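The values are calculated or read from the model by the stated rules, or taken from the named source; none is laboratory data. Predicted, not measured: the structure shown is a model, and the values here were computed from it. No Cβ is skipped: glycine too gets one built from the backbone with ideal geometry, and neighbour counts run over all protein chains shown.
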There are 2 protein chains.
Amino acid sequence: MGTTNEIAYSHRMEHPSAPTPGRLRTTPSWLLTQTAAHAGRLVTTALGAHHARGYHYRLLATLAETGPASQADLGRHSGIDRSDIVATLNDLADRHLVRREPDPTDRRRNIVHITPTGRRELTTLQHALDTAQDTLLAPLDPTDRRELVRLLDLLLTHHNEPKG
Amino acid sequence: MGTTNEIAYSHRMEHPSAPTPGRLRTTPSWLLTQTAAHAGRLVTTALGAHHARGYHYRLLATLAETGPASQADLGRHSGIDRSDIVATLNDLADRHLVRREPDPTDRRRNIVHITPTGRRELTTLQHALDTAQDTLLAPLDPTDRRELVRLLDLLLTHHNEPKG
DNA sequence: ATACCAACGTTGGCTTGGCCAACATAACAC
DNA sequence: GTGTTATGTTGGCCAAGCCAACGTTGGTAT
């Protein structure tokens, strides 16, 4: 525990690359956030090539899966805050990837539709993302990839539905 | 591939909690960023109770491991940008957890020392973080935990040293 | 019916983490 | 000496994730 790490440091050391710490390399939260950062960079780059961000893809994907939905429902399904939904939908609507229509049965709600153009854009983004996944998982064989997905899914499921 | 997902949606559906999408649940980058978000919340909360943020802990931990170091070296070891190092060190120095001294052999550099108080604070933060790790990994048995760490470490190592 | 409360879309703002550009100073290489 | 590189620092940007508030509308209880 309270070991005093008075390591004699050599001034003029020439670290070639980036010698990563030791404590952190076994800290799950550190590993998660760091790998997530790498993943995020890959995804951002992949989507950025098509002028999209993570929220754009997430909303299009959610919309394609659930069908037309209210903004509140979209938020619940995609895990995006109501307020961020608004801004993202504005972007998507400006590019005609999405259409807002009033819900005749509830004048508070908008029913959001994905347009054919939006569906095409989603396909494009999906391809870009698939490539990014491959780059991300490059060092893992198929078995390890499935294992990783399994473990992460376990964590996500557990922390999403606290139930009690 | 291009399957048209025209799912008939039931207006007035009463989703109790948050029905997560399907495409995303098998997308590694999504799983990573989402679990990382959960991890981040836990860490932020844990550290926040002691008025610290991630950068504060990272710097203190790095400092304790490497011993006194220049700010540039700290940045390289911790993976934090030079400019962010400055601000974080300002915070830490204000709370006397860290001390900046001029490097007599190189007047550009500061040699940053962790103070005894800083070391105590680090221990406190470490405890808080350890607890957070347990909360994070709650649904995983020891074998799965080791497996997760192994896989994430593989990814991190691969993406950190591109070698080429 | 009236009063109350909950949900919706929207606006605006805030925080973390991660970047990048620029600049003055200082060290180093030629 | 000239030019290049490293350092600390300032200031700014972006994406993701939040939260509070407000006006409008629906539903519920009285």
| note | Checked pairs for the range A:79-92, first within 14 Å of chain B (Cβ to nearest Cβ) and touching a residue at least 40 places away in the same chain (Cβ under 8 Å), second near DNA strand D (Cβ under 8 Å from one of its atoms) and assigned to a helix (DSSP H, G or I), C-beta under 6 Å and 6 or more apart or across chains, list as none
| task | Being surrounded by 13 or more Cβ atoms within 10 Å (Cβ to Cβ) and either under 30 Å from A:His158 (Cα atoms) or within 15 Å of DNA strand C (Cβ to nearest atom) (or both) is the filter here, so list the residues in the range B:101-122 that pass it. | result | B:Asp103, B:Arg109, B:Asn110, B:Ile111, B:Leu122
| When you go through A:Gly54, A:Gly67, A:Gly75 one by one, which is the residue that is of a type outside the set (Val, Ile, Thr), surrounded by 20 or more Cβ atoms within 10 Å (Cβ to Cβ) and within 30 Å of A:Asp103 (Cα to Cα)? | A:Gly75
| field | Residue list for the range A:45-65, restricted to those being aromatic (Phe, Trp, Tyr) and either free of Cβ contacts under 8 Å to residues at least 60 places away in the same chain or touching a strand residue (DSSP E or B) at 6+ places or on another chain (Cβ under 9 Å) (or both) | value | A:Tyr55
| Any hit, the range B:156-163, residues being touching a helix residue (DSSP H, G or I) at 6+ places or on another chain (Cβ under 7 Å), assigned to a helix (DSSP H, G or I) and within 8 Å of chain A (Cβ to nearest Cβ) | yes
| request: Inspect the range B:115-137 for any residue being at pLDDT 95 or above, within 11 Å of chain A (Cβ to nearest Cβ) and part of a strand (DSSP E or B) and give the result as yes or no. | output: no
| field | Selection count where residues are over 15 Å from B:Leu32 (Cβ atoms) and either crowded, with 16+ Cβ neighbours inside 10 Å or charged (D, E, K, R) (or both), scope the range A:131-164 | value | 4
| task | Check whether at least one residue in the range A:88-109 is within 16 Å of the chain's Cα centre (by Cα) and of a type in the set (Ser, Thr, Tyr), and report yes or no. | result | yes
| query | Quick one: in the range B:64-90, which of the residues that are more than 10 Å from DNA strand C (Cβ to nearest atom) and among the acidic types (Asp, Glu) is farthest from A:Thr27 (Cα to Cα)? | reply | B:Asp73
| said: Tell me whether the range B:20-29 contains one or more residues that are within 10 Å of chain A (Cβ to nearest Cβ), at pLDDT below 90, within 14 Å of DNA strand C (Cβ to nearest atom) and more than 19 Å from B:Val112 (Cα to Cα). | reply: no
| query | Any idea which of B:Ala52, B:Ala61 is touching a helix residue (DSSP H, G or I) at 6+ places or on another chain (Cβ under 8 Å), away from DNA strand C (no atom under 12 Å from the Cβ) and within 30 Å of B:Leu148 (Cβ to Cβ)? | reply | B:Ala61
| query | Since B:Glu65 meets every condition but one in (1) within 14 Å of DNA strand D (Cβ to nearest atom); (2) at pLDDT below 95, which condition does it not meet? | reply | (1)
